[in-house]
1. Pull up segment 36-75, narrow it to residues that are among the hydroxyl-bearing types (Ser, Thr, Tyr) and at pLDDT 95 or above, then point me to the one that is nearest to Arg128 (Cα to Cα).
2. What pairs can you find where one residue is in segment 228-248 and within 15 Å of Pro291 (Cβ to Cβ), the other is part of a helix (DSSP H, G or I) and at pLDDT below 95, and their Cβ atoms are less than 7 Å apart, with a gap of 6+ or different chains?
3. Filter segment 170-197 down to the residues that are part of a strand (DSSP E or B) and of a type outside the set (A, V, I, L, M, F, W, C), then identify the one that is surrounded by the most Cβ atoms within 10 Å (Cβ to Cβ).
4. Could you please find all residues in segment 142-159 being of a type outside the set (Gly, Ala, Ser) and not in a strand (DSSP E or B)?
5. Tell me which residues, restricted to segment 196-221, are closer than 18 Å to Asp141 by Cα and modelled with pLDDT of 95 or more.
6. Looking at segment 273-291, I want the residues that are assigned to a strand (DSSP E or B) and have a partner that is of a type in the set (Phe, Trp, Tyr) with Cβ atoms under 7 Å, at least 6 apart or on another chain. Which pairs are those?
7. Where residues in segment 78-108 are part of a loop (DSSP other than H, G, I, E, B) and polar (S, T, N, Q), which of them is nearest to the chain's Cα centre (by Cα)?
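The values are calculated or read from the model by the stated rules, or taken from the named source; none is laboratory data. Here the structure is a predicted model, which is why all the values come from computation and not from measurement. Neighbour counts run over all protein chains shown; Cβ positions are idealised from the backbone, glycine included.
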Amino acid sequence: MPLAECKTHMARDEAIYIKSRFAVCTGIQVTTIWMRSNGNPIGTSSFALYIRGTVKENDRTIRFDYDATDFKKINTTATSGQKIKIEGTVPQDWPARANPKLSGDLPVTKTFDQLQQMPSAHFTHTMRYAPGQGSGTGSADVVFAVYQPVVTSTLPPGWLGDSPAVGKPAMIAPRWDAGKYLGNPTGGGNPANKGAGSFSYLATLVYSTKATAPERGVAAHIKKAYTTPGATKPTNANKKIAGQTPSEPLHRLFSDAQRRKDNRARAVSNCRRYFGPGYSSNNTKDCDEFPFATTYEGCAQPEYDVHAEKNNFSVLPVNKRQNGDAGTLLGQFYKKNRIIDGMDDGFLVKITS
């Protein structure tokens, strides 16, 4: 992600900009009001610190780029003695036994003026967990961590104000995995490189109902399930299907093959019940189910979770080719976004027209 792109989004007062699961940025404005013993302001100084987190495809190393920019001074200041410390910290990780390898330029401590006089006040920090330290369903080998950028401003002697003043800009939590069903399962022959890093946030699968969209039949079905769930089959007046909001996302089901089969079997059974045994129209239509059979929220969920709402799904015969194309897109989405099996990850589905 270019610095200019990060700055543009931070200028919109966004707490954090998420471009993808592999590119995020944040920033903070560091402003100092300079006062002497009488407590009256006599000057101000400020600068912005931007932090971009990026991960290359199928790479375990997450890179953080720090840029101090937009330095300003008004009236009387003592910035030549103002110490600015920039660091990247890891307050916590899961499992606790996991141990990250950190490298790069940080931490760094320079005065305000030294930073301002640098041709480019740019610093890098990299973070990596070796495989074999994680946990998770289906041998996903998942490590979660909190990565916290910290900037500390310390005033020179004789000046009033909070000192040291500490700023902690928001940052999306990074994650590492080495799931055999995800990209780079062997590390290209080097076990130390298998798996990859990413950032933990809800990715969104986008389907379209446009006439030219190959998945349009499935998209129209999901749109109906979201907007008029009571009109879908099976009948359930309280139907509210997951996948629309961050509070109720969908979760990928990979490791339990039997549960996937059960999801699919319940879907087909309901298609036959509500649309007749000839719903396939001479093999031109498939029984489409939503939530997907590859999610924990699939049709058989109540058989595995006693607290789950019964009949909280939708089935509908749709064009066979369109159903297959939608399935292909779903598989690509899982792989591209490194969606792991289980409740530690999730995703949303959005329908456009």
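1. Residue satisfying both the conditions and the ranking: Thr61.
2. Qualifying pairs under 7 Å: Lys239/Gly230.
3. The extreme case among them is Asp177.
4. The answer is Leu155, Pro156, Pro157, Trp159.
5. Listed by number, the residues that qualify are Ala196, Gly197, Ser198, Phe199.
6. If the second residue must be of a type in the set (Phe, Trp, Tyr), the pairs left are Lys285/Tyr279; Cys287/Tyr279; Glu289/Phe313; Phe290/Phe313.
7. Within segment 78-108, the match that is nearest to the chain's Cα centre (by Cα) is Asn99.
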